[in-house]
Structure formats: C-alpha cells, structure tokens
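Asks: Provided herewith is a single structure, encoded as structure tokens, for subsequent inquiry.
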Amino acid sequence: MRRRQFVTALGMLSGAGIAGVSCDLLARRTPDVIFVPTAFETVVTMLKLAEVTRDDIVYDLGCGDGRFVVTAAKQFGARGVGIDIDPQCIRDARQLAARTGTEDKVRFIEGDMFESDISEATVVTLYLLTQVNLKLRPKLMRELNPGTRVVSHAFDMGDWPPEKTGDVGSSLIYLWRIPPRP
C-alpha cells in the first residue's frame with residue numbers, strides 16, 4: 001500500500017474514533033494535489049517560456065519526481081530545488097538526479113511548500129490547481145524578488161493576468177513576473 005493511501009486509511013480509522021491509533025504520519029499534512037507527471041515536452045516548453053539560463057535557481061513547488069529541476073540543470077545549466085510533502089516523491093526525485101548526474105546542481109526538500117523558504121528562486125514552476133495557485137500567490141508575492149518568473153502548467157492565478165502564455169498539446173502554460181514592490 002502506498003504511503004499516501006496508508007495515511008488516508010489511518011486518518012479514516014482515527015476519525016472513526018478507533019482507540020490506540022497513534023502515528024506520526026497522522027500529523028503530516030496531506031498533499032494539496034496528487035502527483036501527475038508532466039510530459040517532457042511540456043517541461044522543456046515551460047522552462048523555455050521562463051527563459052531559464054545557467055544563472056537561474058529554479059524552484060519546483062510540489063516537485064513530484066523532480067523532472068523540472070533536473071531538466072533545468074541538465075538542459076539549461078541552472079541550479080534547482082524541488083519541494084514536495086510526499087517522501088516517496090522526494091526519494092524518486094533524488095534517484096532521478098543520481099541517474100542523470102545532476103546531484104551537484106539540484107537538491108530536494110521534503111516539506112510543505114507553504115512553509116518552505118523560496119526566497120532565492122529566480123524561477124518557480126508549478127503544476128498545481130488554480131485554487132492552490134491562488135493560496136500560494138501571497139507567499140510568492142511576499143518572498144520572491146521582483147522580476148522572478150513564475151510559470152504554471154494548465155492552471156492560472158485568477159485575476160493576475162499572465163505576461164505570456166503558450167500552448168503545449170491541449171494545455172496552456174502561463175508566465176508571470178513578480179512585480180516591483182510599492
């Protein structure tokens with residue numbers, strides 16, 4: 001049984017009032033979205049839309065298997081940080097970095113993207129849901145430097161109009177820049 005299913009099952013047992021269910025996993029916040037891999041073509045198109053270069057630090061929030069930061073390192077020479085709340089995703093991401101020889105350029109953090117420090121990012125990649133993007137938006141505005149690029153696969157930011165959009169297959173991708181502070 002996958003860890004996420006196990007946590008859900010334990011949560012249901014705990015919620016049903018079953019005595020004796022005590023597990024550190026119950027204290028962990030569940031992921032905001034399920035991991036759905038982004039097609040390689042979409043990853044590359046998003047990184048190109050964000051104009052990633054070797055001078056960038058790409059943060060992928062909800063990084064899943066790490067393909068965004070690994071691709072940013074391997075194809076664009078950037079450094080990268082992936083953050084995911086799911087320990088299995090972090091293990092998979094670290095294995096991908098090892099297989100691709102990018103361990104020296106990327107790192108992966110098992111943690112909550114809403115609580116993690118993202119202030120060093122120059123590019124942030126997202127494949128979440130619109131409601132999660134909207135919940136994340138105040139953090140992006142508060143912690144990221146003006147000019148930092150934010151690129152999202154398929155889901156927008158509500159009333160924040162994108163600077164650019166692009167098409168990949170049947171999906172839209174969106175690019176925003178953090179505006180100057182007043």
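Asks: With respect to Val150, determine if the residue is within 14 Å of Phe68 (Cβ to Cβ) and out of contact with any Asp or Glu (no Cβ under 7 Å at 6 or more places or on another chain).
Replies: yes
Asks: Another one. Within the group Asp112, Asp104, which residue is over 19 Å from Tyr174 (Cα atoms), in contact (Cβ under 8 Å) with a residue 60 or more places away in the chain and assigned to a loop (DSSP other than H, G, I, E, B)?
Replies: Being over 19 Å from Tyr174 (Cα atoms), in contact (Cβ under 8 Å) with a residue 60 or more places away in the chain and assigned to a loop (DSSP other than H, G, I, E, B) holds for just one of Asp112, Asp104, which is Asp112.
Asks: Still on this structure, please answer the following. Filter segment 159-171 down to the residues that are over 15 Å from Val43 (Cβ atoms) and either in contact with a Phe, Trp or Tyr (Cβ under 9 Å, 6 or more places away or on another chain) or surrounded by 11 or more Cβ atoms within 10 Å (Cβ to Cβ) (or both) and list them by number.
Replies: If the condition is that a residue be over 15 Å from Val43 (Cβ atoms) and either in contact with a Phe, Trp or Tyr (Cβ under 9 Å, 6 or more places away or on another chain) or surrounded by 11 or more Cβ atoms within 10 Å (Cβ to Cβ) (or both), then Trp160, Pro161, Pro162, Glu163, Lys164, Thr165 are the ones that fit.
Asks: Related question: Just checking, which of Ala93, Ala72 is part of a helix (DSSP H, G or I) and either under 15 Å from Pro37 (Cα atoms) or of a type in the set (Phe, Trp, Tyr) (or both)?
Replies: So the residue among Ala93, Ala72 that is part of a helix (DSSP H, G or I) and either under 15 Å from Pro37 (Cα atoms) or of a type in the set (Phe, Trp, Tyr) (or both) is Ala93.
Asks: Something else now. Return the residues of segment 87-111 that are β-branched (Val, Ile, Thr) and either modelled with pLDDT under 95 or over 14 Å from the mean Cα position of the chain (by Cα) (or both); say none if nothing qualifies.
Replies: Once the filter is applied, which keeps residues that are β-branched (Val, Ile, Thr) and either modelled with pLDDT under 95 or over 14 Å from the mean Cα position of the chain (by Cα) (or both), segment 87-111 yields Thr100, Thr102.
Asks: Could you count how many residues in segment 161-182 are more than 19 Å from the chain's Cα centre (by Cα), on the phi < 0 side of the Ramachandran plot and not in a strand (DSSP E or B)?
Replies: Here the count works out to 7.
The values are calculated or read from the model by the stated rules, or taken from the named source; none is laboratory data. Remember, predicted model here, so these are calculated numbers, not experimental data. Glycine gets a Cβ as well: all are built from the backbone with ideal geometry, and neighbour counts include every protein chain shown.
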